[in-house]
Amino acid sequence: MPIFVVLLSWLLPEHELWAHFSQHLLPNLITSTAILLIGVGVGVTLLGTVLAYLVVMVEFPGRKWLEWALFLPFAIPAYVLAFVYLGVFDYSGYVQVWMREVLGLSGFDIRSGS
């Protein structure tokens, strides 16, 4: 039954709802998405370039290990990596517990997105 409601909503759109969405919500969503897209693109490009240069051009202990470790994100599904990330950076995760106990800093809400 729920699939029929979704399909029917595509055929009979509510104009007030779409007007509200396009005027009040859509600009903020597009701006946030663009900022995220640019930020992640620049960050990944810089990190990937530096790590590729180090692995190819510089001899250091652990180079072979790093060469293999750089492939791990390709082998782990994104949703599993997201759960691990959430577990590490959540309020009760290792990072925030360490920040509170060692540095005396207050934590941040990883789930809020702000």
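Just so you know, all these numbers are worked out from the coordinates, no wet-lab data involved. These figures come from a predicted structure and were not determined experimentally. In this analysis, Cβ positions are derived from the backbone assuming ideal geometry, glycine residues included, and neighbour counts consider all displayed protein chains.
Between Val102 and Phe74, how many nm apart are label points set 7 Å from Cα along the C-beta direction?
Distance between label points: 3.3 nm.
Nearest 20 debye, what's the magnitude of the dipole of the chain about its Cα centre given +1 on Lys and Arg Cβ and -1 on Asp and Glu Cβ? Can you show the working numbers first?
On the way: 4 positive and 7 negative charges, 59 e Å.
Magnitude of the dipole: close to 280 debye.
Using 0.36 nm per residue of separation minus the Cα-Cα distance, give me the extension gain between Phe60 and Glu16 in nm, one decimal. Please list the in-between numbers first.
Working: separation 44, 0.36 × 44 = 15.84 nm, distance 6.21 nm.
Gain on extension, Phe60 to Glu16, equals 9.6 nm.
Rounded to a whole number of µm²/s, how large is the Stokes-Einstein D of the chain at 20 °C and 1.002 mPa s, given Rh as the Kirkwood radius over C-alpha pairs? Before the final figure, lay out the partial values.
Numbers: Rh = 19.0 Å.
D = 113 µm²/s.
Hey, with R₀ at 30 Å, roughly what FRET efficiency would Leu7 and Asn28 work out to, going by the Cβ-Cβ distance, to 0.05? Please report the intermediate quantities before stating the final value.
Working: r = 28 Å, r/R0 = 0.94.
Efficiency computed from Cβ-Cβ geometry: 0.60.
Among 26-35, 89-98, how do they line up from the highest to the lowest mean number of other beta-carbon atoms within 10 Å? Can you show the working numbers first?
Numbers: 26-35: 10.3, 89-98: 13.7.
Averaged packing, sorted descending, gives the order 89-98, 26-35.
Just tell me, in residue order, which DSSP H segments of the chain are both 30 angstrom or longer along the helix axis (alpha-carbon based) and at least 0.0 in mean Kyte-Doolittle hydropathy. Don't skip to the end; give the middle numbers.
Values: long enough: 26-57 (45 Å, 1.97).
Span-like helices, by this rule, are 26-57.
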